[in-house]
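Everything on this sheet refers to the single structure shown next.
Bear in mind that the values in this text are calculations on the coordinates, not laboratory data. Note that the coordinates shown come from a computational prediction; the quantities given were computed from them, not determined experimentally. Positions of Cβ are backbone-derived with ideal geometry, glycine not excepted, and every protein chain shown enters the neighbour counts.
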Amino acid sequence: MPPVNEHETPGSSSEKPRHKPSRAPRVAMPQRDASSRRHTFDEVALGYSDDQALAEAMRCLQCKNATCEAGCPVNIRIKDFIGAIIDGDLRAGAEILKERNTLPAVCGRVCPQEEQCEAVCVLAKKGTPVAIGRLERYLGDYDLACEIEHRCVPEVATPTGFRCAVVGSGPAGLACAGELAKLGHEVTVFESLHAPGGVLTYGIPGFRLPKSIVEAEVGLIEEMGVRIECDQVIGRIATIEDLMTAEGYGAVFIGSGAGLPVFLGIPGENMNGVYSANEFLTRVNLMGAHEFPTKSDTPVWRGRKVAVVGAGNVAMDAARTAVRLGADEVFLVYRRTEDEMPARLEEVHHAKEEGVEFKLLCSPVEVLGHDGFVTGIVVTRMELGEPDASGRRAPMCVLGSEFEIDCDTVIIAAGTGANPLLNDAAPDLERNRWGYVVADEDGATNIPGVFAGGDIVTGAATVILAMGAGKTAAHAMDRWLGGS
Amino acid sequence: MVGPPEGAFRVTVYQADALVSIVPPLRVRMGILFRYSASPELLCREVAPLFRIVHTRALSDAVFEMGVEAPRIARKVKAGQFLMVRTTTHGERIPLTFSDWSAEEGWVRFIFMRVGKTTHELSHMAVGESLADVVGPLGMPTHVDGLGRVAVVGGGVGAAVAYPVARAMAAAGNDVTVILGARTADLLILQDEIAALPGVRLRIMTDDGSAGDKGLVTTPLKELCEQEAIDHAFAVGPAIMMKFCCATTAEPGVPTTVSLNPIMVDGTGMCGACRVTVGGKTRFGCVEGPDFDGHAVDWEELMSRQRIYVDEEREADAEFFRSCGCHL
């Protein structure tokens, strides 16, 4: 890794401030209006224009001690990339960004900046923080829109001769692969689906993260020499041991994610019209079911009245996708209140704007149906008790408060678990009681040369945490290869 | 690093149209994002694996066999496992069972019935063309060891599974009787291949008596049970047939394995479309199956779940036949 100061642009750090910080309010993100976006999968947030980006960048104080950077799981040099926007040197900004983050156009869109960098921005103490995420997206998009020969492809070190395998091409796998490639290793990524990107491709809908952005960012990682092999299910086509012996990989990174959908275990759950959020989103995002039957052969059940169970980002994605598929009514059923919702505020806000109704303090107890098809759900009222282990107030049933809600589709977004295919991929790999891989802070597992990171270690978390884990593991793999 | 074969350029195509619509301060000039990679060592990834069709054969008017080059899969596949196939880049992922394979020659074969758009498209593809995707081997292999005397029942296109399963069971030292069933003689498949399996007895049943004996597969299955001639049964075919096979073997208490065919999307345990209730518990057909204890399967639920997209399938077929012009 290069020393931190190597790319610093003139005017930063100890020299005199490059600008007089603007006192203007935070520049609002231009977005498609709520009524028109109910019918399109086009992106909602439109991105800053040059003027808007500059105006927002000018709000940055360019603090001597940039606290925002400590808030970033991959320690992006935020102060310097914003400085580059102020200086009008977007290319330098993109380079600074890419030095620490392989997928800036993705992270600028889906990171929960309000809990990370923006939460610790000095401006946040007295008002609204600098819109770091939007500026990151601005630079990421700038780079993607450049002519290909002018795009920042991170420099690749002289080939080391070592070969590394990465299982899964989601955020953790891509970050790990990109980092390994930078270090000069030959990297092959194995993806089980027919398209790379993992959750970025099958999970997050196009109106939040356009698939062309994912494709272009993945394309850049391929430019660095990383080979991505789709349609390869590790655990079936080869075990981790096969990769390390017969196929001659010196080290393996497992970033297979938490892909197994969790169901509620309530009666009627296997009725037609009950989907896991994973299935519903995969049909639309990966298979293009919203364009059935003209442009895609994969159908999806288009409900008129859709109940989404859960209140995380995935639940919001599912609800907003159902809106776009033409549902008359979409409501979210959540057993706690809005304060406890795990989804990003922005997503909750967007969902409400698009007409998603929130049924709070409600928990489903049964799915009703006729002739095998869903006709409604029974929910019970809940009340909040004392805080539980997660620090959130535990919901408790109000006895005798059950009531029915009419619906023809139920989408369960109650979380995911570890995929059992991992058992077949590496039977000896140490796992915890939830089935997640046990790894140390470097991502090392109990099997020498096998590393893991992302949701398969932590359980469902964020894109950036997975990327951070992939990157850390890449450096540990590099050390391991060097030491062997 | 091994470069791609001479002259095989990968074209990196970023969807310029799509970028134009999402990057507002537009710096995209149409066309410039298209690039031929001229420097294979650094910039060009190997051409994606293509699944070239190496064999096609019509087994009946509606049932076809296809073989594709897939050396990695061919090395790993075991009887009872399945693959996901996608014909084109806009295609569906459909699960099909392996009917045959050769690790030495690097191919796998599967059998499909022409029922909807995807299978129609497949039936129109010829040797030398390629499938967009072939993923496998998926699912757990059929348990074949130490079963003793086994009846393998294959109904209709289920014979495609019965054949490799019977072969593997016989090879594992079991005493195997295959019962093949179909509506008419024209719809019977693989009877010659199964008849040729060493040490395997074959009974054929047709609804109209046009081949073998007239009647349902459950008749000989019941006889075998009554004669106490079998220790285990394996059934694969339409859900209704499997259900009645299980009803037949339940009373005499002959353990019965069934190979289920629920709807799937990814086939790797990610979506849960394939969930089936077995013994009161929800199981995923793709990763825990496709084989389950037939006496514990909730057949009504399975059959109901197979009906979910009937209207959509009809819609897709209509759309396809409008544009395809083959009027099949």
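Using modelled amide H (1.01 Å from N, peptide plane; none on Pro or chain starts), what sits under 5 Å from the amide H of residue B:205, excluding residues fewer than 5 places away?
The list, which skips near neighbours in sequence, is B:180, B:181, B:182, B:213.
Tell me the net charge near residue B:86. Cut-off is 10 Å between Cβ atoms, residue B:86 excluded, with +1 for each Lys or Arg and -1 for each Asp or Glu.
Once all neighbours under 10 Å are counted, the net charge is -3.
Which trypsin sites (Lys or Arg not before Pro) from region B:145-201 combine a DSSP loop assignment with at most 15 other Cβ atoms within 10 Å?
Passing sites in region B:145-201 are B:183.
Quick one: what do you get for chain A if you divide its Cα Rg by 2.2 N^0.38 Å?
The reported ratio for this selection is 1.00.
Between residue A:26 and residue B:219, what is the label-to-label distance in nm when each label sits 7 Å out along the Cα-to-Cβ direction?
Those two pseudo-labels are separated by 7.7 nm.
Report, ordered by chain and residue number, the lysines lying within cross-link reach of residue A:352, taken as a straight Cα distance under 25 Å and ignoring same-chain residues fewer than 8 apart.
A:211, A:305
Please list, in chain and number order, the residues 5+ apart from residue A:412 or on another chain whose amide H is under 5 Å from its amide H, with Hs placed from the backbone.
Correct list: A:275, A:276, A:277, A:309.
Compare the Cα positions of B:256, B:237, B:285 along the charge dipole of region B:226-309 (+1 at Cβ of Lys, Arg; -1 at Cβ of Asp, Glu; about the Cα centre) and return the one farthest towards the positive end.
Of the options given, the answer is B:285.
Between region B:137-191 and region B:254-328, what is the C-alpha centre distance in whole Å?
The two parts, judged by their Cα centres, are 20 Å apart.
Dipole of region A:269-313, Cα-centred, from +1 at each Lys and Arg C-beta and -1 at each Asp and Glu C-beta, to the nearest 20 debye?
Numbers: 5 positive and 4 negative charges, 42 e Å.
It works out to roughly 200 debye.
Counting other beta carbons within 10 Å of each residue's own, what order do B:117, B:222 fall into, fewest first?
Going from least to most buried by this count: B:222, B:117.
Need one number: nm distance between label points at residue A:404 and residue B:127, each 7 Å from Cα along Cα→Cβ, rounded to one decimal.
Each label point is offset 7 Å from its Cα along the Cβ direction, giving 6.1 nm.
What whole number of Å gives the distance from the Cα centroid of region A:336-357 to the Cα centroid of region A:66-120?
26 Å
Quick check on region B:64-184: what are the equivalent-ellipsoid semi-axes from the Cα gyration tensor, as sqrt(5λ), descending, whole Å?
26, 17, 11
Just from its helices, what would the mean residue ellipticity at 222 nm be for chain A, if runs of 4 or more DSSP H residues each count -39500 (n - 2.57) and the sum is divided by every residue, rounded to the nearest 500 deg cm²/dmol?
The per-residue figure over chain A is -8500 deg cm²/dmol.
Computed FRET efficiency, Cβ-Cβ of residue A:126 and residue A:396, R0 41 Å: what is it to the nearest 0.05? Kindly include the intermediate steps, with their values, before the conclusion.
Values: r = 39 Å, r/R0 = 0.96.
So, using R0 = 41 Å, E works out to roughly 0.55.
So if R0 is 22 Å, what FRET efficiency would residue B:231 and residue B:171 give, r being the distance between their Cβ atoms, rounded to the nearest 0.05? Don't skip to the answer; put the middle values down first.
Details: r = 17 Å, r/R0 = 0.79.
Given R0 = 22 Å and the Cβ-Cβ separation, E is 0.80.
Calculate the spin-label point distance for residue A:423 paired with residue A:155, positioning each point 7 Å from the Cα along the beta-carbon direction, and give it in nanometres.
Spacing of the two 7 Å Cα→Cβ label points: 4.9 nm.
Using alpha carbons only, how many angstrom separate the centre of region A:443-472 from the centre of region A:287-329?
31 Å
Order of A:209, B:50, A:54 from fewest to most other C-beta atoms within 10 Å?
B:50, A:54, A:209
First measure r as the distance between the Cβ atoms of residue B:318 and residue B:298, then evaluate 1/(1 + (r/R0)^6) with R0 = 45 Å and state the FRET efficiency to the nearest 0.05.
0.90
Subtract the Cα-Cα distance of residue A:378 and residue A:61 from 0.36 nm times their separation in residues, and report this length gain in nm to one decimal. All intermediate terms of the calculation are to be shown ahead of the outcome.
Numbers: separation 317, 0.36 × 317 = 114.12 nm, distance 5.29 nm.
Taking 0.36 nm per residue and subtracting the Cα distance, the gain is 108.8 nm.
Of A:432, A:387, A:416, whose Cα points farthest to the positive end of the dipole of region A:386-441 (charges on the beta-carbon: +1 Lys, Arg; -1 Asp, Glu; origin at the Cα centre)?
A:387
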